[in-house]
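Notes follow the structure.
Each value in this text was obtained by applying a stated rule to the coordinates, not by laboratory testing. From a predicted model like this one, the values you see are computed outputs, not experimental measurements. Here the Cβ positions follow ideal geometry from the backbone for every residue, glycine too, while neighbour counts run over all protein chains shown.
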Amino acid sequence: MLKEAVAHYDQLLEDSELSESSRRMLDEGLEGAKLIFGGRRLTPYLRPHFVMEQDWTRVTQICETVWGALQKVKDAAVGNDEILNELGITEIERKLVAIDPKYKQVSPTARLDSFLTDTTYSFVELNGESPAGIAYADSATEIFQSMPVMKKFAENYDVQGFRGRPKLLQVLLEAYKEFCGGKIDKKPVIAIVDLKDLPTQKEFELFKDYFEKNGYPSLICSPQELEFDGKNLIFEGNAIDVVYKRLLVNEYLPIMEKAPALLDAYRAGVICMVNSFRSKLVHKKAIFAVLTNEKYRDLFNDAELAAIAAHVPWTRKFKDEATEYKSDKVDLVEFTRQNSGKLVLKPNDEYGGTGIFIGWNSSEPEWTGAIELALKDGDYLVQE
């Protein structure tokens with residue numbers, strides 16, 4: 001049915017008047033919502049990505065099962081040097097991870113990056129620290145649903161968009177309720193915290209508008225603008241209850257000594273910070289190495305192991321050791337050397353494609369060089 005729906009939508013676009021009016025509305029909508037980056041639209045396409053409802057239900061169930069396994073890794077990792085080493089958690093990160101956020105979820109707002117085909121649903125990696133795009137996606141959904149071609153399409157198909165901001169607000173409030181011991185006696189003040197002058201500023205404004213529309217006072221600020229008076233985290237005279245932390249740990253560490261208020265308030269337990277510093281445990285790409293490594297199989301139940309085997313790519317922390325691949329014992333370095341056609345090497349704690357080597361796009365000398373670099377670096381992964 002999905003192919004038929006896509007074909008019908010594409011056929012509607014053959015009507016030049018319908019497609020042109022839709023294009024104008026898309027351009028004007030993206031421009032009005034400031035969803036233009038460096039002159040490039042957030043999406044240049046007139047047809048959004050469609051997913052069948054049954055596929056969405058299946059994907060949701062898989063994600064929930066795998067998330068249960070991720071939560072177990074967090075529970076096992078806190079204070080466990082072996083797992084912390086496997087994840088590549090540094091000494092300063094361990095100190096941050098040791099601070100109790102006063103709620104159980106390791107990463108209340110996260111994104112399991114994945115791809116869905118006719119035959120496969122597979123994860124690529126997990127953005128467990130500060131995933132962007134939720135509010136942008138809401139705005140894009142509203143624009144697409146207003147386009148003439150989508151309205152025409154909806155005459156024959158039941159079209160539902162995703163709404164991320166309501167879910168994000170719900171997540172913040174649930175974490176805050178747990179932080180408060182199960183009872184909230186006021187509407188919390190929410191601060192969206194990140195570095196200044198980032199291209200995601202517009203998304204922060206979209207969140208702020210939504211939070212305030214629903215009765216929650218909201219602020220946008222940087223860690224350098226925060227103050228801690230021993231009792232409250234403050235921005236421009238406003239005491240903050242919930243920090244929606246968009247700031248990455250790797251971005252905070254270099255400025256932490258000069259901007260300590262956020263850490264001091266968090267350590268003192270006077271703010272509910274989402275995500276907490278413990279999200280670093282699952283944000284490291286090595287989290288998939290823990291999920292798929294036979295050494296940690298006993299952490300998970302049968303349903304979790306089945307979901308991991310079916311949907312999480314085989315991953316290992318890249319080092320000179322023996323391991324398992326599909327129940328066979330292999331020398332990891334030699335296995336990697338001989339199987340470039342199905343493997344990638346990637347750094348454990350980078351993003352945006354930085355430092356990745358794709359085996360099937362590499363010549364033999366290039367792949368050999370990548371292996372040597374990864375071994376020397378000491379914090380790389382090999383992934384199928």
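Structural remarks
- Cα-based Rg and Dmax for region 286-378, where Dmax is the largest Cα-Cα distance (Å): 13.8, 42
- Of HIS311, HIS283, HIS49, the residue with the greatest mean-square motion in the GNM of the chain, using alpha carbon springs below 10 Å, is HIS49.
- Hits among aspartates and glutamates - C-alpha to C-alpha of LYS231 under 17 Å, sequence gap 8 or more where chains match: ASP241, ASP264
- Centroid-to-centroid separation of region 326-384 and region 30-95 [C-alpha atoms, Å]: 22
- The residue among ALA307, ALA132, ILE234 whose Cα reaches farthest toward the positive pole of the charge dipole of the chain, with charges on the beta-carbon of Lys, Arg, Asp and Glu, is ILE234.
- Max mean-square fluctuation residue, GNM over the chain, Cα-Cα springs under 10 Å, options THR200, THR120, THR336: THR120
- The H on the amide N of VAL189, modeled in the peptide plane, is under 5 Å from the matching H of ASP241, VAL242, each at least 5 residues off or on a different chain.
- MRE, 222 nm, helices only [DSSP H, n ≥ 4, -39500 (n - 2.57), over the chain, to nearest 500]: -13000 deg cm²/dmol
- Close amide H partners of LEU381, meaning residues 5 or more places away or on another chain with modelled amide H under 5 Å apart, are PHE318, LYS346, ASN348.
- Divide the volume of the convex hull around the Cα atoms of region 274-324 by the residue count and you get 101 Å³ per residue.
- Cross-link pairs LYS34/LYS213; LYS285/LYS376; LYS280/LYS317; LYS34/LYS258; LYS186/LYS280; LYS72/LYS329 - those with Cα-Cα distance over 22 Å: LYS34/LYS258; LYS186/LYS280; LYS72/LYS329
- Scanning residues 5 or more positions from ILE220 or on other chains, those with amide H under 5 Å from its amide H are ILE192, with H placed 1.01 Å from N in the peptide plane.
- In terms of its C-alpha gyration tensor, the chain comes out oblate, because a/c is 1.5 or above while a/b does not outweigh b/c.
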